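Structure record follows, encoded as structure tokens.
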Amino acid sequence: MAFSKSLAAFALAMAAVIAATMAQNTPQDYVDLHNEARRADGVGPVTWDATLAWYAEDYAAQRAGDCQLLHSDGPYGENLYWGPAGWEWTAADAGPVVGG
């Protein structure tokens with residue numbers, strides 16, 4: 001169970017990095033959406049993890065030059081999200097599909 005919470009938290013962190021410039025997209029927005037989906041699937045909630053967020057931001061900075069959707073070789077798993085430039089992405093865009 002601890003690994004799945006880490007995985008979910010890392011996914012949240014990656015989504016937050018993508019939308020960092022949007023003030024309405026706080027870490028809590030991502031946590032809330034993830035927890036909504038987790039509730040629908042009958043699993044416990046996740047919380048924001050600053051260490052995981054730092055790791056995700058650092059890895060995203062490494063990918064900024066080529067924008068390739070590559071998984072890191074680090075200790076966490078991640079879900080990758082991409083959308084075309086010029087769109088104002090929100091937490092809901094990158095969030096999980098409830099019940100999916």
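The values are calculated or read from the model by the stated rules, or taken from the named source; none is laboratory data. What you see is a predicted model, and the numbers here were worked out from it, not measured in a lab. When we count neighbours, we look across all protein chains shown, and the Cβ atoms used for this are built from the backbone with ideal geometry, even at glycine.
For segment 74-87, state whether one or more residues are surrounded by 14 or more Cβ atoms within 10 Å (Cβ to Cβ) and modelled with pLDDT of 85 or more. Yes: one or more hits. With respect to ALA20, is the statement that it is at pLDDT below 90, assigned to a loop (DSSP other than H, G, I, E, B) and of a type outside the set (S, T, N, Q) true? Criteria met by ALA20.
Which residues, taken from segment 26-70, are modelled with pLDDT under 90, loosely packed, with under 13 Cβ neighbours inside 10 Å and in a loop (DSSP other than H, G, I, E, B)? Correct list: ALA64, GLY65, ASP66, CYS67, GLN68, LEU69, LEU70.
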